[in-house]
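Peer 1: The structure's right below; bear with me while I get my questions together.
The values are calculated or read from the model by the stated rules, or taken from the named source; none is laboratory data. It should be emphasised that the depicted structure is a prediction, and the values quoted were computed from it without experimental measurement. Here Cβ is always computed from backbone atoms with ideal geometry, including for glycine, and neighbour counts include all displayed protein chains.
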């Protein structure tokens, strides 16, 4: 398996897209629909949340849309359409404040999300990880497919609860089941604030891609990444802090995601995996890995081989470290 930055985080590169995201304003800055007059928001929301698992999703390349909805006491943010690099930037600007709004349990529905390529998949997976770090009660609605597989291969799925279908939210709801309904929109008028959030989210996306590409460098610093994206170290640290992250933690998380992929999909020795993700000493890598994932590299590889066998996927064979 090639270890080449963003390409290594996903073995399921999706379809490229050049469509521009279209959004409207909803609660907490969440776009409520994709501005198609022929499709009322409420109907779109019900169709998305109650869509049967076998029903077709959106057409490839459909514009990005984030629709707020409710499923019982759960607040659901449904992501639909193409997530190219520009869309991933916009998605971060939308979701980061949205996850901090309100005290209700939160679900992110990515069944109909369509990452445009391996880089966009990496941006989406890292955004899910950061969002969950800020909202530990957040669950992800994501059936079997490229996104689910990438979440599992990077071991992000070890931290995040993943459901196959939003109907399962009702099984986790202590209250009485109620019809899914669209959330109430709020007035527009936050263009300047949204523009600032979009610029900072663009910096975050650029920094994420640089770390993805350079994660194997043992001495990677915040100054290195800031230089690559033409900003200052201070500004980059501020942007990361606004998204609940610190530079060193972000580098470690991305390294650990790539390490998990290598352990699950190759027969490389543990020491070589550590070297490929930026650790010169196997002991240092082992401690960092266990601190991040909660298990040893060998244990994760073993668990991944068992899960792959259960799903009928080929495994790396579980070579010992």
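Peer 1: In region 167-235, which helices (runs of 4 or more DSSP H) lie fully inside it and hold 1 or more residues that are in the same structural domain as residue 282 (by TED's automatic domain parsing), at pLDDT 95 or above and over 21 Å from the mean Cα position of the chain (by Cα)? Break it down stepwise before answering.
Peer 2: Details: elements: 168-171, 191-214, 222-228.
In region 167-235, the matching helices (runs of 4 or more DSSP H) lie at 222-228.
Peer 1: Has region 282-304 got at least one residue that is part of a loop (DSSP other than H, G, I, E, B), in contact with a helix residue (DSSP H, G or I) (Cβ under 9 Å, 6 or more places away or on another chain) and buried (at least 19 other Cβ atoms within 10 Å of the Cβ)? Before the answer, list the steps.
Peer 2: If we filter region 282-304 for residues that are part of a loop (DSSP other than H, G, I, E, B), which is where we start, we get 294-296.
After this cut, where a residue has to be in contact with a helix residue (DSSP H, G or I) (Cβ under 9 Å, 6 or more places away or on another chain) as well, the list is 294-296.
Filter once more, so that each one left must be buried (at least 19 other Cβ atoms within 10 Å of the Cβ): none.
Scanning region 282-304 turns up no residue that is part of a loop (DSSP other than H, G, I, E, B), in contact with a helix residue (DSSP H, G or I) (Cβ under 9 Å, 6 or more places away or on another chain) and buried (at least 19 other Cβ atoms within 10 Å of the Cβ).
Peer 1: Further question: Within region 236-257, how many residues are closer than 27 Å to residue 287 by Cα and assigned to a helix (DSSP H, G or I)?
Peer 2: Looking only at region 236-257, we keep the residues that are closer than 27 Å to residue 287 by Cα, and these are 237, 240-241, 243-257.
Next, only the ones that are assigned to a helix (DSSP H, G or I) stay: 237, 240-241, 247-257.
Total satisfying the criteria: 14.
Peer 1: Let me ask another. Considering 53, 68, which residue is at pLDDT 90 or above, within 15 Å of residue 166 (Cα to Cα) and not assigned by TED's automatic domain parsing to the domain that holds residue 240? Can you show your working first?
Peer 2: On the way: 53 fails: at pLDDT 90 or above.
Being at pLDDT 90 or above, within 15 Å of residue 166 (Cα to Cα) and not assigned by TED's automatic domain parsing to the domain that holds residue 240 holds for just one of 53, 68, which is 68.
Peer 1: Can you list residue pairs whose Cβ atoms sit under 7 Å apart, with the first residue in region 236-257 being assigned by TED's automatic domain parsing to the domain that holds residue 198 and closer than 30 Å to residue 301 by Cα and the second being modelled with pLDDT of 95 or more and not in a helix (DSSP H, G or I)? Count only pairs 6 or more apart in sequence or on different chains.
Peer 2: Short answer, once both residue conditions are applied: 251/215; 251/220; 254/215; 255/215; 255/277; 255/278; 257/154; 257/155.
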